[in-house]
Amino acid sequence: MLAREERPDFAFVDMRLRNGTSGLEVARHLREEYDVPVIIVSANLDARAKQEAAAFRPIALVGKPFRPEAIIAAIGLAVAQD
């Protein structure tokens, strides 16, 4: 996995990936296996989605369509955790 080789400071992960793949599963793997902080991105951030995402301790949740300010704020939170 690329995260093992590159050791990213953080990752943006969409909740729903192509072909129905779960971004939350990717987020869980990044957090548990490599301690990579995750910023969750989704077009559907209802209460249920937020609850599901919370289990993976994301740094931030960013709704789509997103504004540059939201991305900058999420990155700021990621950098502050380091």
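The values are calculated or read from the model by the stated rules, or taken from the named source; none is laboratory data. Everything quoted here is computed from the prediction, not taken from an experiment. Cβ atoms come from the backbone with ideal geometry, glycine included; neighbour counts cover every protein chain shown.
Looking at the stretch 22-31, is at least one residue assigned to a helix (DSSP H, G or I) and β-branched (V, I, T)? Write out each step before concluding.
Kept after step one, since they are assigned to a helix (DSSP H, G or I), are these residues of the stretch 22-31: 23-31.
Next cut, β-branched (V, I, T) only: 26.
Yes, there is a match, as at least one residue in the stretch 22-31 is assigned to a helix (DSSP H, G or I) and β-branched (V, I, T).
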Q. Given (1) free of Cβ contacts under 8 Å to residues at least 12 places away in the same chain; (2) surrounded by 13 or more Cβ atoms within 10 Å (Cβ to Cβ); (3) of a type in the set (D, E, K, R); (4) more than 18 Å from L77 (Cβ to Cβ), where does K50 come up short, assuming only one miss?
A. (4)
(Q) Pull out all pairs, ordered by first then second residue, where Cβ-Cβ is under 9 Å, the residues are six or more apart or on different chains, the first lies in the stretch 54-82 and is surrounded by 12 or more Cβ atoms within 10 Å (Cβ to Cβ), and the second is at pLDDT below 90 and aromatic (F, W, Y). (A) A74/F66
Q: Please give the number of the condition G20 fails out of (1) at pLDDT 85 or above; (2) exposed (fewer than 11 other Cβ atoms within 10 Å of the Cβ); (3) of a type in the set (G, A, S).
A: (1)
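Looking at this structure, is V26 β-branched (V, I, T) and in contact (Cβ under 8 Å) with a residue 24 or more places away in the chain? First the steps, then the outcome.
On the way: β-branched (V, I, T): yes; in contact (Cβ under 8 Å) with a residue 24 or more places away in the chain: no.
Spelling it out, it is not the case that V26 is β-branched (V, I, T) and in contact (Cβ under 8 Å) with a residue 24 or more places away in the chain.
Could you grab me the full set of residues in the stretch 51-82 that are part of a helix (DSSP H, G or I) and under 20 Å from R18 (Cα atoms)? Break it down into steps so the answer makes sense when it comes.
So in the stretch 51-82, the residues part of a helix (DSSP H, G or I) come out as 51-54, 68-81.
Scanning the stretch 51-82 gives E52, A53.
With the requirement that a residue be out of contact with any helix residue (DSSP H, G or I) (no Cβ under 7 Å at 6 or more places or on another chain), under 11 Å from D14 (Cβ atoms) and either among the basic types (K, R) or in a strand (DSSP E or B) (or both), what does the stretch 32-48 give you?
Step one: list which residues in the stretch 32-48 are out of contact with any helix residue (DSSP H, G or I) (no Cβ under 7 Å at 6 or more places or on another chain), which gives 32-33, 35, 41, 43-48.
Pick out the ones that are also under 11 Å from D14 (Cβ atoms) and you get 41, 43-44.
Answer for the stretch 32-48, where residues must be out of contact with any helix residue (DSSP H, G or I) (no Cβ under 7 Å at 6 or more places or on another chain), under 11 Å from D14 (Cβ atoms) and either among the basic types (K, R) or in a strand (DSSP E or B) (or both): just V41.
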Q: Would you check if there is a residue in the stretch 35-42 being among the hydroxyl-bearing types (S, T, Y) and surrounded by 15 or more Cβ atoms within 10 Å (Cβ to Cβ)?
A: yes
